[in-house]
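**Student:** Please read through the structure below; I'll follow up with questions.
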Amino acid sequence: MISHSRRHCVVELQALPSRIGQIRRIVSAQLRHWQLDPLIDRAALGVTELLSNVHRHAQPDKTCTVEIELRLGRLTVSVYDSDPRLPVLREAAADALETCGRGLALVEAVSEAWGARNQADGPGKVVWFSLRAVPVGSGSKPVREPAPTVVVAVDPSAVPTVMPVAASVGARPG
C-alpha cells in the first residue's frame, strides 16, 4: 500500500532484496516531487541500509513500513518493523576488515541525526534519520554557492581613450 499527501509518504513492504531497490526509487521520486533533489543520494543510501538491516535481522518476519516526512525544513526517513530489538552502532575501528555490519555507521555519516526507539503502540521498533531540507529554487541558500561577483570601480578620466598596441601583437614567432 502506498499513500501520499503533500509532505508525507508511507510504503508498507516485505524487506526483501528485490523490494529494497523499488523503495529506493520511490523515495527518490518523492524527493524529486518535493524539489529536494540534493537529498536524494543520502536519503536513498540511508533507507537502503535501514531496509537491509530489517532483511538481515528482523524477526519474526520482514514486514516493515517506510515513512518519509518533510516538516519544518527537515526530512525524516523512518523504518518501522516488528522486531523489538534495538540496533547497536558498531565501532568502526574494531571491525575495519568486516564486509558487513556498517549500515548504521553509514546512516550516521550521511545524516544529521538518527536514532531508534521501541514503538509506543505495539511490538517492534522504529529506526530513523533526518536531513536538513532546502528545496531547489526556494530562494534559500543553494547547495553550491556561485563564485562571488567582483565589482571594481574605475575613475573614467584615468582610462586612456587610445590604448597603445605593441608591435609584436599578432606577429608570428620566428
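The values are calculated or read from the model by the stated rules, or taken from the named source; none is laboratory data. A quick note: this is a predicted structure, and the numbers were derived from the prediction, not measured. Neighbour counts are summed over all protein chains in view; Cβ atoms, including those assigned to glycine, are modelled from backbone coordinates with ideal geometry. Heavy atoms of the whole protein, side chains included, go into the accessibility calculation; ligands, DNA and RNA do not. Shrake-Rupley method; radii C 1.70, N 1.55, O 1.52, S 1.80 Å.
**Student:** Roughly to the nearest percent, how much of the accessible area of the range 1-76 is carbon and sulfur, given a 1.4 Å probe?
**Tutor:** Working: 2100 of 4050 Å².
That share works out to 52 percent.
**Student:** Please give the per residue accessible area of the range 1-87, computed with a probe of 1.4 Å over protein heavy atoms only, in Å². Walk me through the numbers on the way to the answer.
**Tutor:** Working: 4510 Å² over 87 residues.
Result: 52 Å² of accessible area for each residue.
**Student:** Listed highest first by mean packing, meaning other Cβ atoms within 10 Å per residue, what order do 12-18, 119-125, 40-46 come in?
**Tutor:** Values: 12-18: 13.7, 119-125: 11.4, 40-46: 19.7.
Ranked from most to least packed, the peptides come out as 40-46, 12-18, 119-125.
**Student:** Would you pull out the residues with amide H under 5 Å of residue 119's amide H, same chain only if 5 or more places away, H placed 1.01 Å from N?
**Tutor:** Under 5 Å from the amide H of residue 119 lie the amide H atoms of 124, 125, 126, each far enough along the sequence or on another chain.
**Student:** Which value in nm describes the separation of the simple spin-label points at residue 74 and residue 109, placed 7 Å from the Cα toward the beta carbon?
**Tutor:** For the pair residue 74/residue 109, the computed spacing is 2.4 nm.
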